[in-house]
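S.K.: The structure that follows is given in the form of structure tokens.
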Amino acid sequence: RQVSDLLSARFFRVYFSDDVIGLQVGGAVKNVLAIAAGLIDGLDLGDNCRAGVMSRGLVEMIRFGAAMGAKPQTLAGLSGLGDLILTATSSTSRNYRFGKKIAHGQTLDQAQKEEPHVIEGIKTARIISALAASHGIDLGIINAVDGILHGDLPPERAIEYLLMRPRVDEFDSHLFDEKTYKNSA
């Protein structure tokens, strides 16, 4: 709280959080979801599709985070949803731009060579997919991005895979149960 107070100014606001895991999960998962948003825009699937993937991606972020010990409200805040909105919609986002390049037919290597900065979402997609699988966590969007990036799944098949998945309730009811995240801390 002292650091937050010290860094805050009239033109810059700093919030305090004690949820280190939530901050880490939000910062990692949003990069993978930004690649997904770039893929969607690169394939000209429209704003509604991008909004749907971002919304469902947020549910995946919260589901994964909760399993790792994060507080769901952290991921519904600035370091989850807030960062996701920026990273998945901005042309200055390298992960978003990278997704568009992949959708336009560039290979992983070609798209990486054109970007002078690290595309965090590439390795993160693989790590999160593997970690989620080892914990039995269902992350359809993140798994689809991982499959596209690592050559297992063409973008068109990924769309089919996501649309043909069994329909479920919009939210995992326990994710926002106060007892769940208080006990996981």
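The values are calculated or read from the model by the stated rules, or taken from the named source; none is laboratory data. Small disclaimer: the values here were computed from a predicted structure and weren't measured. Please note: Cβ atoms are built from the backbone with ideal geometry, for glycine as well, and neighbour counts cover all protein chains shown. To get the accessible areas, we keep the full protein, side chains included, count just its heavy atoms, and leave off ligands, DNA and RNA. Shrake-Rupley method; radii C 1.70, N 1.55, O 1.52, S 1.80 Å.
S.K.: Two decimals, Cα atoms only, Kirkwood Rh: what is Rg/Rh over the chain?
M.R.: Working: Rg = 16.7 Å, Rh = 17.0 Å.
With Rg and the Kirkwood Rh in hand, the quotient comes to 0.99.
S.K.: Mind checking the angle between helix 155-164 and the chain's longest principal axis? C-alpha axes, 0 to 90 degrees, to the nearest 10.
M.R.: On a 0 to 90 degree scale, this one is about 60.
S.K.: Can you give the longest run of the chain that contains no trypsin sites (Lys or Arg not before Pro) sitting in a DSSP loop with at most 15 other Cβ atoms inside 10 Å?
M.R.: Details: sites that count: Arg1, Arg10, Arg13, Arg167.
The segment 14-166 is the longest one with no such site.
S.K.: Among the lysines in the chain, how many pairs, 8 or more places apart or on different chains, have alpha carbons under 14 Å apart?
M.R.: Total qualifying Lys-Lys pairs in the chain comes to 4.
S.K.: Right, another one. Keeping the other protein chains in place, figure out the carbon and sulfur percent of the accessible area of the chain, with a 1.4 Å probe. Intermediate results must be reported in sequence, preceding the final value.
M.R.: On the way: 5920 of 10680 Å².
Solvent-exposed carbon and sulfur of the chain make up 55 percent of the total.
S.K.: Against the longest alpha carbon principal axis of the chain, how many degrees, from 0 to 90 and to the nearest 10, is the axis of helix 20-42 turned?
M.R.: Helix 20-42 sits roughly 30 degrees off the main axis of the chain.
S.K.: Okay, next question. Where Rh is the Kirkwood radius over the Cα pairs of region 21-79, the temperature 10 °C and the viscosity 1.306 mPa s, what D in µm²/s does Stokes-Einstein return?
M.R.: Translational diffusion coefficient: 137 µm²/s.
S.K.: By how many degrees, between 0 and 90 and to the nearest 10, does the Cα long axis of helix 120-134 differ from the longest principal axis of the chain?
M.R.: Between the helix axis and the principal axis of the chain, the angle is about 80 degrees.
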